[in-house]
Amino acid sequence: MREIRAAVIPSSGHPTVIETLRLADPGPGEVLVRMTSSGVCHSDLHVRDGHWVRPGPIVMGHEGAGAVEAVGLGVDPELVGHAVALSWYAPCLVCRECQRGRQWLCSGSPALQHAQLDGTTRLTRADGTPVLAYLSIGTMASYQVVPATAVVPMPDGVPAEVAALIGCGVSTGVGAVVKTAEVPFGATVAVIGLGGVGLSCVMGAALAGASKIIAVDVNRAKIDLAGELGATNWVLAEPDEPGKTIAAIRASAGDGGPDFVFEAIGNPSTIAQAVGALPPGGTAVLVGLTKYGQQASFEAFPFVDGGRRILGSNYGSAVAAIDFPRYAEAYLAGRLPIDKLIDRRLDLTELEDAFDRLRAGQAARQMVMHPG
Ligand code: APR
Ligand code: ZN
């Protein structure tokens, strides 16, 4: 048992409060992690703002890294002392989807309960109220107990904040390109929305050897950053004139439009733009998550007639134990400049301000750094 500091929301739609909580020792199949870094992702904001309703009280954060302090029964003691990245979708490893290697679709993940494998939480307030951990890992905390299957050791030399980013934005964006869509060498790619996820799609497209990478955003500064990450072309989007944005993307790609368009916002209008910009045979990859209940539409005849495709990509089809170390090695080799995504480092107490910037579309990736 130890006391920890954590960013808690009482329930979805309410601001975060920094609280002192009690954290129990790790149980069987669990790991105690001293958190080192946690990214501020738009999915946290969806929960904070009540677009997605989650039970509360709950510790925020799902893009994190740390160092293993202790392990519970049945977990390899060799892990103690290792720097790790955390997966926000700890696989159960026994359901049908896990068995067939599609862990991102696991139906038995403890993340679905925001708790540990036995359905309970290790966190309580001083008065005994149980507190959940977002997606079982609640990374905006000084320490956490997490499921062992969420823990992925990092190779030596990977900075904590890079490991944290591999835990969500990088795997989601790079994986959408190299795993979900399997973009082939020489393909043309457009990415709509250049937050941490979309910028990771840009990096993934560069890694895959795309011949053109068209960066699309309403914010000029984001387009400049995309250029540093490998974008070759750009379109400044005009949200009120989707037809103009579509035409500009098509003209920029040539050959009727880009082979692949990635939508990394989760907005019905930009989803329609992604489909609308495709040439015959092209593929739209939907990466951004919308608010619940939203519908997107497109004209059916040309879609079918032109043999186009739409793919949904969740967590970049990540198998964390295999993919996280690969992304880390690509970073170390200089082929995935993950650190360039970071535009701010902050303390837990500044989280609400970080959410304000993210809401305004001004942030690339803001990283909460947990003092050692
Ligand atoms: N056209 C083009 N770009 C837009 C538009 C638009 N109509 N509206 C917003 N954008 C840009 C913003 O300027 C910003 O750069 O989209 C980007 C969104 O980035 P973030 O808010 O930082 O989101 P991110 O954390 O990258 O997540 C994107 O993926 O995992 C999901 O839940 C997550 O739905 C979210 C999405
Ligand atoms: Zn995320």
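The values are calculated or read from the model by the stated rules, or taken from the named source; none is laboratory data. For clarity, every value in this text was computed on a predicted model and none was experimentally measured. Reconstructed Cβ throughout: ideal geometry from the backbone, glycine too, with neighbour counts over all protein chains shown. Please note that ligands, DNA and RNA were not included when accessible areas were found on the heavy atoms of the full protein model with its side chains. Shrake-Rupley method; radii C 1.70, N 1.55, O 1.52, S 1.80 Å.
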Alpha-carbon Debye profile of region 166-234, log10 I(q)/I(0) at 0.18, 0.29 Å⁻¹ = -0.54, -1.29
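Any number yet on Rg/Rh for region 236-351, C-alpha, Kirkwood?
Reported Rg/Rh, Kirkwood definition of Rh: 1.05.
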Fraction of beta bridges assigned by DSSP in region 218-355 that are antiparallel (%, nearest 5) = 0
Whole-number accessible area per residue in Å² for the chain, which is evaluated in the context of all protein chains at 1.4 Å | 39
In degrees, nearest 10, the alpha-carbon axis of helix 196-208 is tilted away from the dominant principal axis of the alpha carbons of the chain by 60
If you place +1 on the Cβ of every Lys and Arg and -1 on the Cβ of every Asp and Glu, how big does the dipole about the Cα centre of the chain come out, in debye to the nearest 20?
-> 360
Relative to the first principal axis of the alpha-carbon coordinates of the chain, what is the inclination of helix 320-332, with its axis defined by its Cα atoms, in degrees from 0 to 90 and to the nearest 10?
-> 70
Nearest 10, in degrees from 0 to 90: the angle of helix 242-253 to the longest Cα principal axis of the chain is 80
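If we count every other residue with Cβ under 13 angstrom of ASP343's Cβ, Lys/Arg +1 and Asp/Glu -1, where does the sum land? Please list the in-between numbers first.
Values: positive: LYS222, LYS340, ARG344, ARG345, ARG357, ARG365; negative: GLU161, ASP224, GLU228, ASP339.
Computed value for this residue: +2.
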Neighbour net charge for ARG308 - beta-carbon separation under 13 angstrom, K R +1, D E -1 | -2
Give the carbon-plus-sulfur fraction of the accessible surface of the chain in %, rounded to a whole number; probe 1.4 Å, heavy atoms of protein chains only.
-> 54
Accessible surface, 1.4 Å probe, highest first, among residues PHE301, PHE260, PHE185 = PHE185, PHE301, PHE260
Within the chain, percent of DSSP bridges classed antiparallel, to nearest 5 = 55
Got a sec? What order do TRP52, TRP104 fall in by accessible area at 1.4 Å, biggest, i.e. largest, first?
-> TRP104, TRP52
The chain - convex hull of the alpha-carbon atoms, volume per residue in Å³ = 125
Put TYR89, TYR134 in order of accessible area, largest first, probe 1.4 Å, and you get TYR89, TYR134
What is the dipole size for region 182-312, taken about its Cα centre, with +1 at each Lys and Arg Cβ and -1 at each Asp and Glu Cβ, in debye to the nearest 20?
-> 100
What share of all Cα pairs of region 182-312, in percent, falls into each consecutive 5 Å distance bin?
-> 2, 12, 24, 27, 21, 10, 3, 0
